[in-house]
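Here the structure comes first, spelled out in structure tokens, and everything after it is commentary.
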Amino acid sequence: MTGAAEVRHLVDPAELAAQERELVLPGFSNDDAWRLGCLLVDLAREQGAAVAIDIRRGGHRLFHHAMAGTTPDNDDWLERKARVVRRFETSSLAVGERFRAKGTTFEASSHLDPALYAAHGGAFPLRVRDTGVVGVAAVSGLPQVEDHALVVRALRRFLA
């Protein structure tokens, strides 16, 4: 690619930004992590998806579940995607889209070790009103746009 005009976005960047403005939590406790995690498990089961789910506040893992059909590789993806959110304070999919908009890839241009960071969809910042990003909710096991959509759907239900 030679320029932003030729970019093929996986998801409209404006939509990703709108999701992050919309999905702001009033607070986020350990019990909230449990409820959000269980909601993600239920939604994944409803769509017949085998995913691994990880929810953290700061460096503290508050929820983790690996559904039948997942492998330790999914846990590696969870960690790599969550590192992107912690570093950039935006969804892992949005970070990947930013690099695509520049006509490159995260792996080629971020100068970050791809063994440690993955700007693939599925990790979303847990942003608390008047505080900022306090954690990450991440899913691995589906194509990246579907991983991202599952977290967004769960956060919308959680806030409803």
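The values are calculated or read from the model by the stated rules, or taken from the named source; none is laboratory data. What you are looking at is a predicted structure, and each value in this text was computed from that prediction instead of being measured. FYI the Cβ positions are ideal-geometry reconstructions off the backbone, even for glycines, and counts take in every protein chain you see. Please note that ligands, DNA and RNA were not included when accessible areas were found on the heavy atoms of the full protein model with its side chains. Shrake-Rupley method; radii C 1.70, N 1.55, O 1.52, S 1.80 Å.
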Please determine whether any residue of the range 41-57 is surrounded by fewer than 18 Cβ atoms within 10 Å (Cβ to Cβ), in contact (Cβ under 8 Å) with a residue 40 or more places away in the chain and more than 18 Å from Ala149 (Cα to Cα).
no
Given the conditions (1) at negative phi; (2) open to solvent by 70 Å² or more (accessible area, probe 1.4 Å); (3) outside any strand (DSSP E or B), which single one is not true for Arg61?
(3)
When Leu126 is evaluated against the numbered criteria (1) open to solvent by less than 50 Å² (accessible area, probe 1.4 Å); (2) touching a helix residue (DSSP H, G or I) at 6+ places or on another chain (Cβ under 8 Å), which criterion, by number, is the only one it fails?
(2)
One residue is enough: does the range 75-95 have a residue meeting the conditions within 16 Å of Arg35 (Cβ to Cβ) and part of a loop (DSSP other than H, G, I, E, B)?
no
Going residue by residue through the range 76-91, is there one that turns out to be touching a strand residue (DSSP E or B) at 6+ places or on another chain (Cβ under 9 Å), among the polar types (S, T, N, Q) and under 20 Å from Leu10 (Cβ atoms)?
yes
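For the subset of the range 20-37 comprising residues that are out of contact with any strand residue (DSSP E or B) (no Cβ under 8 Å at 6 or more places or on another chain) and closer than 24 Å to Gly96 by Cβ, which member is least open to solvent (accessible area, probe 1.4 Å)?
For the range 20-37, the residue satisfying everything is Glu22.
Looking at His111, His148, His120 in this structure, which one is touching a Gly at 6+ places or on another chain (Cβ under 9 Å) and assigned to a loop (DSSP other than H, G, I, E, B)?
Working: His111 fails: touching a Gly at 6+ places or on another chain (Cβ under 9 Å); His148 fails: assigned to a loop (DSSP other than H, G, I, E, B).
Criteria check complete, one pass: His120.
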